Amino acid sequence: MKLSKRISNTKTSATIAMSMKARELTLQGKDIISLSAGEPDFDTPRNIKNAAIESINSGNTKYTAVDGMLTLKESIVKKFKNENNLEYTPDQIIVSTGCKQSIYNLCQATLDEGDEVLIPSPYWVSYPEIVKLSDAVPVFVETNSETDFKVTGKMLEDNITKRTKMILLNSPSNPSGFIYSQEDLKDIGRVLKKYPNIIIASDDIYEHIIFNGKKFTNILNVCPELYDQTIVLNGVSKAYAMTGWRIGYAAGNSTIIGAMKKIQSQSTSCTCSISQAAAKAALDDDNSEVTKMVSEYQLRSEYLHTELNKIEGIKYKKPEGSFYAFVDVNGLINKIENINDDFELAEYFLREADIAVVPGTAFGSKNHIRISFATSLVNLEKAVCRIKNLLS
Ligand code: GLU
């Protein structure tokens with residue numbers, strides 16, 4: 001059976017593939033420590049689960065509006081106002097099956113063949129593939145640890161051409177964990193203001209997971225003139241430990257949101273009614289559970305920073321948020337015989353130490369690995385111990 005050209009040109013998600021592999025090995029009885037997927041180990045908070053149960057019992061089990069239940073969209077509007085100081089009306093909001101579907105639908109709704117999308121690299125594994133699935137072209141803007149893996153306005157401008165249609169911004173970043181400060185965003189905004197036809201896709205999914213009391217800023221907070229060209233993407237998966245509920249959302253220009261709605265009306269119809277009720281409870285809550293989870297992530301991040309940097313051949317700059325350690329393993333690759341790159345190193349860790357991590361090349365940075373610390377401190381301690389034993 002011949003598959004489409006489009007799919008032949010698409011990679012499987014490396015994060016999902018590695019976590020599936022870890023799951024399979026666990027089912028076979030292996031004691032795998034999976035540090036692969038960005039999936040909180042915490043349970044979804046009780047009040048959110050109760051809202052879902054109540055929703056089932058009250059008969060909220062049918063299709064909802066394509067773009068989400070009005071009551072949830074109203075909570076999203078309130079969230080934007082209260083947490084981000086951004087004003088939207090319900091017709092500027094769409095609820096999707098995870099933030100990933102919002103990004104996918106945004107690309108499908110706005111990109112044509114040959115359009116270019118600027119993606120700061122390292123990037124989340126799915127961005128380039130989602131862009132390619134829209135027949136558009138990912139254009140990578142390379143960064144490194146010296147600038148905390150962030151792009152500047154100039155770096156973006158140097159890559160803008162007549163075909164540039166979109167830029168994907170992600171802060172805190174998956175995989176690097178760094179955040180764009182107000183100054184960084186002002187600098188980027190100064191450039192993007194000159195290009196009103198370029199869509200700014202701001203993926204804010206990790207906005208709550210920030211350490212040491214630092215504050216999250218969206219580009220619109222420092223550059224409100226970009227309002228019409230910016231689509232804000234977010235969801236409840238990461239902050240509220242709700243990955244399986246599949247609720248993401250997008251906000252912005254109502255013409256673009258309307259086009260995304262058209263795609264949903266012909267693909268998924270709407271996302272799960274019960275999950276929508278649960279997401280409403282999450283967003284209406286006071287975020288005390290989120291705060292507890294974030295302080296736990298911070299402890300883990302500090303632990304990993306101290307312990308990994310003790311290992312010869314590993315360099316790791318302290319991140320400011322998210323739950324990922326993006327670790328430079330050049331030194332290890334040079335040191336270990338028969339290991340030539342990050343893919344081989346990740347395989348070596350899995351084969352010899354039962355630890356699953358994701359190779360950095362999947363995120364556009366070779367000779368790095370991404371370690372998810374959305375797992376208990378006990379597991380992280382075990383993992384560090386295994387790595388040290390393997391290397392000694
Ligand atoms: N976004 C998470 C990650 O990067 C979950 C898996 C995925 O969709 O990529 O691990």
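Here the helices (runs of 4 or more DSSP H) wholly within region 1-86 that include at least 3 residues being touching a residue at least 60 places away in the same chain (Cβ under 8 Å) and open to solvent by less than 90 Å² (accessible area, probe 1.4 Å) are 14-27, 46-57, 70-84. The one condition from (1) more than 16 Å from the ligand (Cβ to nearest atom); (2) assigned to a loop (DSSP other than H, G, I, E, B) that residue 173 does not meet is (1). Specify which of the listed residues (300, 246) is open to solvent by 20 Å² or more (accessible area, probe 1.4 Å) and within 16 Å of the ligand (Cβ to nearest atom). Among 300, 246, only 246 is open to solvent by 20 Å² or more (accessible area, probe 1.4 Å) and within 16 Å of the ligand (Cβ to nearest atom).
Quick one: count up the residues across region 242-268 that are assigned to a loop (DSSP other than H, G, I, E, B) and closer than 21 Å to residue 79 by Cα. So that I can check it myself, show each step before the final result.
As a first pass, look at region 242-268 and keep what is assigned to a loop (DSSP other than H, G, I, E, B): 242, 246-247, 253, 267-268.
Then keep just the ones that are closer than 21 Å to residue 79 by Cα; that gives 242, 246-247, 253.
So the count comes out to 4.
Does residue 84 satisfy the criteria of being more than 16 Å from the ligand (Cβ to nearest atom), of a type in the set (S, T, N, Q) and touching a Ser or Thr at 6+ places or on another chain (Cβ under 7 Å)? Judged against the criteria, residue 84 is not a match. Pick from 271, 306: which is more than 15 Å from residue 240 (Cα to Cα), in a helix (DSSP H, G or I) and of a type outside the set (Phe, Trp, Tyr)? The unique qualifying residue is 306. Search region 33-71 for residues being within 16 Å of the ligand (Cβ to nearest atom) and either more than 21 Å from the chain's Cα centre (by Cα) or of a type in the set (Phe, Trp, Tyr) (or both), and hand back the single one that is nearest to residue 352 (Cα to Cα). Taking the candidates together, the pick is 33. Count of region 377-392 residues, restricted to those that are touching a residue at least 24 places away in the same chain (Cβ under 8 Å) and out of contact with any Asp or Glu (no Cβ under 6 Å at 6 or more places or on another chain), is 11.
Could you tell me how many of the residues in region 203-235 are part of a strand (DSSP E or B) and open to solvent by 10 Å² or more (accessible area, probe 1.4 Å)? Looking only at that region, the number is 1. Taking the criterion of being open to solvent by less than 30 Å² (accessible area, probe 1.4 Å), over 19 Å from residue 304 (Cβ atoms) and assigned to a helix (DSSP H, G or I), the residues of region 322-375 that qualify are 333, 362.
Of the residues 178, 149, the single one that is in contact with a Lys or Arg (Cβ under 8 Å, 6 or more places away or on another chain), in contact (Cβ under 8 Å) with a residue 40 or more places away in the chain and in a loop (DSSP other than H, G, I, E, B) is 178.
Residues to consider are 132, 154; find the one that is touching a residue at least 60 places away in the same chain (Cβ under 8 Å) and not in a loop (DSSP other than H, G, I, E, B). Quick ask: steps written out before the conclusion?
Values: 154 fails: touching a residue at least 60 places away in the same chain (Cβ under 8 Å).
Of the residues listed, the single one that is touching a residue at least 60 places away in the same chain (Cβ under 8 Å) and not in a loop (DSSP other than H, G, I, E, B) is 132.
Taking the numbered list (1) within 16 Å of the ligand (Cβ to nearest atom); (2) open to solvent by less than 40 Å² (accessible area, probe 1.4 Å); (3) in a helix (DSSP H, G or I) in turn, residue 319 passes all entries but (3).
Let's see how each residue does on (1) of a type outside the set (Lys, Arg); (2) out of contact with any Gly (no Cβ under 8 Å at 6 or more places or on another chain):
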{"site": "62", "(1), (2)": "no, yes"}
{"site": "69", "(1), (2)": "yes, yes"}
{"site": "74", "(1), (2)": "yes, yes"}
{"site": "80", "(1), (2)": "yes, yes"}
{"site": "85", "(1), (2)": "yes, yes"}
{"site": "96", "(1), (2)": "yes, no"}
{"site": "106", "(1), (2)": "yes, yes"}
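Among the residues that make up region 274-281, is at least one of them surrounded by fewer than 20 Cβ atoms within 10 Å (Cβ to Cβ) and out of contact with any helix residue (DSSP H, G or I) (no Cβ under 7 Å at 6 or more places or on another chain)? Steps first, please.
Within region 274-281, the first condition is being surrounded by fewer than 20 Cβ atoms within 10 Å (Cβ to Cβ), and the residues that meet it are 274.
With out of contact with any helix residue (DSSP H, G or I) (no Cβ under 7 Å at 6 or more places or on another chain) added as a condition, the list becomes none.
No, region 274-281 contains no residue that is surrounded by fewer than 20 Cβ atoms within 10 Å (Cβ to Cβ) and out of contact with any helix residue (DSSP H, G or I) (no Cβ under 7 Å at 6 or more places or on another chain).
Which residue is farthest from the ligand (Cβ to nearest atom), if the candidates are limited to region 322-342 and must be touching a Pro at 6+ places or on another chain (Cβ under 6 Å) and more than 15 Å from residue 296 (Cα to Cα)? Only one residue fits best here, namely 342. Which condition number does residue 266 fail, the rest of (1) buried (at least 18 other Cβ atoms within 10 Å of the Cβ); (2) farther than 24 Å from residue 221 by Cα being met? It fails just one condition, (1).
The values are calculated or read from the model by the stated rules, or taken from the named source; none is laboratory data. Computed from a predicted model, the values in this text were never measured in an experiment. Quick reminder, even Gly has a Cβ in these numbers, built from the backbone with ideal geometry, and neighbours come from all protein chains shown. Side chains included, ligands, DNA and RNA excluded: accessible areas come from the protein's heavy atoms. Shrake-Rupley method; radii C 1.70, N 1.55, O 1.52, S 1.80 Å.
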